[in-house]
């Protein structure tokens, strides 16, 4: 199936509607923007008890295994298995973006997810004011974007709660990304009762982290840092409570939590444990 934008295998857009007990098997979707396994967008709707298997989505914009955009909608009791997601922008196993009261509960995703220039997560790529609860991920998650956020559960997060989730995904950044076993970047968030199990976190430095860039007739001094953590790559004003890790990390700059702006320090974390 091919489309310009707002495409889903089941529906183009779901708005104030419900989808229950559906199954998508052996499908391919190519879309210019906003492509999802069930629908491009879930706007104040409900998706419950659905299964997606052997799906491939290739999007020149935002993409998601269930929806590309979850806007104040709920997605529950839904699973993905053997799913390939390739997008230029934000992409997630369940949703590429989830905004303004979105709820993702009791979902599992076994995926290979690649973004060329966006934020990536095993469940959500980019989340604002979202609750991600009782979700798990496995597979491979990667972004090539400069400064992107890559997380085993969710990539970039603002005012979002991630509760009782775990990831055993391989998470990789190739271009100065924020990389975390659970979340790549989190600001004003709560991350509680989460763990990354046997998660491999990779960062690759394509060039020196301090360099000059020519802009017009002037040189601008830039310094880019790679931030990686077993739980979160970069946390700002975020509570991290009762989280665990059992994994290893490959980075030339390793931080359990990288302090940024007025962010929390390692001493302010609550009960972070390494399981031996």
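The values are calculated or read from the model by the stated rules, or taken from the named source; none is laboratory data. All values reported here derive from a predicted model rather than from experimental measurement. With ideal geometry, Cβ positions are generated from the backbone for all residues, glycine too; neighbour counts draw on all protein chains shown.
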Worksheet item: Taking residue 169 and the conditions (1) surrounded by fewer than 24 Cβ atoms within 10 Å (Cβ to Cβ); (2) touching a strand residue (DSSP E or B) at 6+ places or on another chain (Cβ under 6 Å); (3) modelled with pLDDT under 95; (4) within 25 Å of residue 240 (Cα to Cα), which numbered condition does it fall short on, given that it satisfies the others?
Response: (1)
Worksheet entry | Every pair of residues 6+ apart whose Cβ atoms lie under 7 Å, when the first sits in the stretch 117-132 and is at positive phi and surrounded by fewer than 24 Cβ atoms within 10 Å (Cβ to Cβ) while the second is at pLDDT 95 or above and in a strand (DSSP E or B) | 129/99
Worksheet item: Failed condition for residue 234, given (1) modelled with pLDDT under 95; (2) surrounded by fewer than 21 Cβ atoms within 10 Å (Cβ to Cβ), with all others met?
Response: (2)
Worksheet item: Could you say which residue among 104, 94, 86 is in contact (Cβ under 8 Å) with a residue 40 or more places away in the chain and under 14 Å from the mean Cα position of the chain (by Cα)?
Response: 94
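Filter the stretch 41-58 down to residues that are outside any strand (DSSP E or B) and under 11 Å from residue 23 (Cβ atoms), then give me how many there are. Lay out the reasoning, then the answer.
The first filter runs over the stretch 41-58 and keeps only residues outside any strand (DSSP E or B), leaving 44-45, 49-50.
Retained after the next criterion (residues that are under 11 Å from residue 23 (Cβ atoms)): 49-50.
Number satisfying all stated conditions: 2.
Residues checked against (1) without any contact (Cβ under 8 Å) to a residue 12 or more places away in the chain; (2) over 19 Å from residue 109 (Cβ atoms); (3) in contact with a strand residue (DSSP E or B) (Cβ under 7 Å, 6 or more places away or on another chain); (4) buried (at least 17 other Cβ atoms within 10 Å of the Cβ):
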| site | (1), (2), (3), (4) |
| --- | --- |
| 24 | no, no, yes, yes |
| 29 | no, no, yes, yes |
| 44 | no, yes, yes, no |
| 54 | no, no, yes, no |
| 57 | no, no, yes, yes |
| 69 | no, no, yes, yes |
| 73 | no, no, yes, yes |
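Mind listing whichever residues of the stretch 4-40 are outside any strand (DSSP E or B), closer than 21 Å to residue 82 by Cα and over 22 Å from the mean Cα position of the chain (by Cα)? Reasoning before the result, please.
In the first step, residues of the stretch 4-40 are kept if they are outside any strand (DSSP E or B); the result is 9-10, 16-17, 21-22, 37-38.
Those left that are additionally closer than 21 Å to residue 82 by Cα: 9-10, 21-22, 37-38.
The answer is 10, 21, 22.
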Fill in: Scan of the stretch 126-153 for residues that are in a strand (DSSP E or B) and more than 12 Å from residue 186 (Cα to Cα), ordered by number
131, 132, 133, 136, 137, 138, 139, 140, 141, 142, 143
Discussion item. Just checking, does the stretch 6-14 include any residue being at pLDDT below 95, at negative phi and surrounded by 22 or more Cβ atoms within 10 Å (Cβ to Cβ)?
Written reply: yes
Discussion item. I'm told residue 176 meets every condition in (1) farther than 20 Å from residue 96 by Cβ; (2) in contact with a strand residue (DSSP E or B) (Cβ under 6 Å, 6 or more places away or on another chain); (3) surrounded by 17 or more Cβ atoms within 10 Å (Cβ to Cβ); (4) modelled with pLDDT under 95 except one. Can you identify the failing condition by its number?
Written reply: (2)
